[in-house]
Amino acid sequence: MGYLLQDGKLLAIDPMMSNQMATRVLLIVQSPIGIASILQLYVNNIDNNAVSIACIGSRGVYEYLLKLNLKCEVIFIQPVAYSQNKMKYLSRLRAQKVAIDQLCKEYDLVYFTSIYQDLYTMSILTECQKKNIKVFRISTGLDNLHQYAIPISIFGKIVEAIVVRLIRWIIGVEINFVMLSGRYFFSYKNSASIPTLEIEVKQEIYEQFGVSVSGGLSKNILLFESRGEGAGYFSNYQNNLTELLSKLRLLGTVYIKPHPTHGVSRFLKCDDHLKVLDKSTPAVMINLKDFSMIVGIESAALKETRHSNLVSVIDSFEFVNNDVKETFKKYLKDVQGSEIQFKPIEQLRLTTHPLPVGQISK
């Protein structure tokens, strides 16, 4: 049977088959990045096809989606976590593979957003490709992380060779390793054979599924904070962040958007001028019209945010390795949303009449 892909919908074009069965669509959510595109695909497909949304390891996004009361199945899948008990770990990976094999039999079309750090989704992709199930990758700000990679050491290559063979033997998935920001990341080796789609997210998606978090006052500031105290690449994070918050408090009320998994730094204390938002709310779905400035350091959320006063203060933060800082800056400059301004903390100013222009439209 032939298919036509139109607005993210897979349409049967065989007249003998088109009216007999709806296309079974699986939308895979791996992180808050790309959630707007996933919701657009949900809207595109829900009236004519059987849609399911699977959140892989991202409980915060799962909780957010449940609050939307969508007209489809929303499931949370927790990938097998590494265990010191090697036999138990291998046994669980094998069991996970059996569950994935069964899952793939239930769908005709699969969308996903990332080829990085997700063995569960990689296993789904591997099985789909074996079974000739149509798979599409949704374009996001994480598409080209490979271009920011640094060379892997000889020792690292030895470790990579061992791990690659082990993963291939246990679950049949082919992976590669890259070094990003001083850490190893793995990616799906066969991703080049999967078509990538640019999804145009309509403003109605943000209006229907967006979340208002401020009290509507004029001097509100949104700060993306990713618990940098636990990141190995900062060298004086608490002092640097304290300086930033001191400046922002003088300008208005600060709303901190935590990292969806890591939360916020433990030393932060809330008061009338410092509020911490629900970490389950995806940054890209926050209604920005009540914010005069959006501030971040190295957060990926900056790349998918549209606002006339969008600022990174990365130059005011100390890094263990300056090359890592420059890599983050290069990544942030490759924008998809509004242009990010790079300013030191002392130069932060509110715009008199900010022009929030909604979230990114891909």
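Give me a count of the residues in the range 197-206 that are open to solvent by 40 Å² or more (accessible area, probe 1.4 Å), in a loop (DSSP other than H, G, I, E, B) and either farther than 30 Å from Val324 by Cα or without any contact (Cβ under 8 Å) to a residue 60 or more places away in the chain (or both).
2
For residues that are assigned to a loop (DSSP other than H, G, I, E, B) and touching a Phe, Trp or Tyr at 6+ places or on another chain (Cβ under 8 Å), scanning just the range 59-77, find the one that is farthest from Thr261 (Cα to Cα).
Cys72
For Asn48, state whether it is in contact with a Lys or Arg (Cβ under 8 Å, 6 or more places away or on another chain), open to solvent by less than 40 Å² (accessible area, probe 1.4 Å) and either free of Cβ contacts under 8 Å to residues at least 40 places away in the same chain or not β-branched (Val, Ile, Thr) (or both).
Here the answer is no, as Asn48 does not meet what is asked.
Go through the range 266-285 and give me each residue that's at pLDDT below 85 and under 23 Å from Gly210 (Cα atoms).
Residues satisfying the conditions do not exist here.
Looking only at the range 321-337, decide whether some residue is in contact (Cβ under 8 Å) with a residue 12 or more places away in the chain, among the polar types (S, T, N, Q), more than 16 Å from Asn220 (Cβ to Cβ) and assigned to a loop (DSSP other than H, G, I, E, B).
Yes: one or more hits.
Kindly indicate the residue of the range 129-176 that is of a type outside the set (A, V, I, L, M), part of a helix (DSSP H, G or I) and within 19 Å of Ile194 (Cβ to Cβ) and also least open to solvent (accessible area, probe 1.4 Å) among those meeting that condition.
For the range 129-176, the residue satisfying everything is Gln129.
What tally of residues in the range 23-45 results from selecting those that are touching a residue at least 40 places away in the same chain (Cβ under 8 Å) and either open to solvent by 10 Å² or more (accessible area, probe 1.4 Å) or not in a strand (DSSP E or B) (or both)?
Total meeting the criteria: 15.
Please work out which residue is nearest to Val311 (Cα to Cα), limiting yourself to the range 222-276 and to residues that are open to solvent by 70 Å² or more (accessible area, probe 1.4 Å) and of a type in the set (Asp, Glu).
Once the filter is applied, the top-ranked residue is Glu243.
Does any residue of the range 207-219 turn out to be over 29 Å from Ile314 (Cα atoms), of a type in the set (Asp, Glu) and either surrounded by fewer than 12 Cβ atoms within 10 Å (Cβ to Cβ) or in contact with a His (Cβ under 6 Å, 6 or more places away or on another chain) (or both)?
Yes - at least one qualifying residue is present in the range 207-219.
Take the residues in the range 298-317 that are among the β-branched types (Val, Ile, Thr) and part of a strand (DSSP E or B), then tell me which one is modelled with the lowest pLDDT.
Thr305
Can you pull out the strands (runs of 3 or more DSSP E) entirely within the range 246-297 that have at least 3 residues that are touching a residue at least 24 places away in the same chain (Cβ under 8 Å)?
Filter on the range 246-297 gives 253-258, 293-296.
Checking Leu197 against (1) within 18 Å of Leu302 (Cβ to Cβ); (2) modelled with pLDDT of 90 or more; (3) among the hydrophobic types (A, V, I, L, M, F, W, C), which single condition isn't satisfied?
(1)
Output the residues belonging to the range 177-196 that are assigned to a strand (DSSP E or B), in contact with a strand residue (DSSP E or B) (Cβ under 7 Å, 6 or more places away or on another chain) and surrounded by 15 or more Cβ atoms within 10 Å (Cβ to Cβ).
Within the range 177-196, Phe177, Val178, Met179, Phe185, Phe186, Ser187, Tyr188 meet the criteria.
The values are calculated or read from the model by the stated rules, or taken from the named source; none is laboratory data. Since the model is a prediction, treat every value here as computed from it, not as a measurement. Because the Cβ atoms are built from the backbone with ideal geometry, glycine has one as well, and the counts that use them run over all protein chains shown. For the accessible areas, the whole protein counts, side chains as well, though only heavy atoms, and no ligand, DNA or RNA atoms are used. Shrake-Rupley method; radii C 1.70, N 1.55, O 1.52, S 1.80 Å.
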